[in-house]
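Working notes, beginning with the structure itself.
Each reported figure results from applying straightforward, stated rules to the coordinates on display, with no laboratory input. This one's a predicted model, so the numbers in the text were calculated from it and none came from an experiment. Positions of Cβ are generated from backbone atoms using ideal geometry, with glycine treated the same way; all protein chains shown enter the neighbour counts.
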Amino acid sequence: MSLGSDEIERIMDEAVAGRGIETSLHCATCGYNLRGLPYSGLCPECGNRYNARDYRFTGIFIPQRLEFPVSEVFSSLTCLVMALLLLRWSLTMRSMFLGAAFFGVLTFFFIRLTWQRLARYVHFRQIARRIERDL
Ligand SMILES: [Zn+2]
């Protein structure tokens, strides 16, 4: 049987008593305050795997990532406008249809990306509100 590096770190944390997260760090999934818990493990509230070591830092809520996806929204709208314009022009100039199709596909991918980033933004806002409420 071999242990993963997360498992080895967890066992080492348990072996050295008193080593735990000393500041308020929050779970990236539910916002639970992980203070006092081992540096790596599972969130007691939602089961999210986290690692608060400097070189890992996964599964932890990072307030700096709470940015509205402005560039994604702008890119989506720009591609949509280009696709619609080229589609309109392709009614008189058939050669424009290829460009309209290209921007149509691009619009699809940008809207998908924007949707994912918006969902993450809304989720992070909820976590930020929970953290403010718990303070
Ligand atoms: Zn959690």
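Results, tabulated for the structure shown:
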quantity	calculated
Helix-only [θ]222 nm of the chain, DSSP H runs n ≥ 4, -39500 (n - 2.57) each, per residue, nearest 500	-18000 deg cm²/dmol
Cysteines having no other Cys beta carbon under 4.7 Å from their own, within the chain	C79
Bins of 10 Å, starting at 0 and running to the largest distance - Cα pair percent for segment 64-134	21, 33, 22, 14, 8, 2, 0
Computed lengthening from E7 to S24, 0.36 nm per intervening residue step minus Cα-Cα distance	3.8 nm
Residues in segment 108-135 that a label on C46 would reach, taking backbone N under 18 Å of a point 7 Å out along Cα→Cβ	116-135
Efficiency of FRET between I62 and L87 - r from beta-carbon atoms, R0 41 angstrom, step 0.05	0.50
Near-label residues of segment 47-79 by backbone N, under 20 Å of a point 7 Å along Cα→Cβ of V122	62, 65-77
Shape metrics for the chain, restricted to C-alpha atoms - Rg then Dmax, Å	22.7, 76
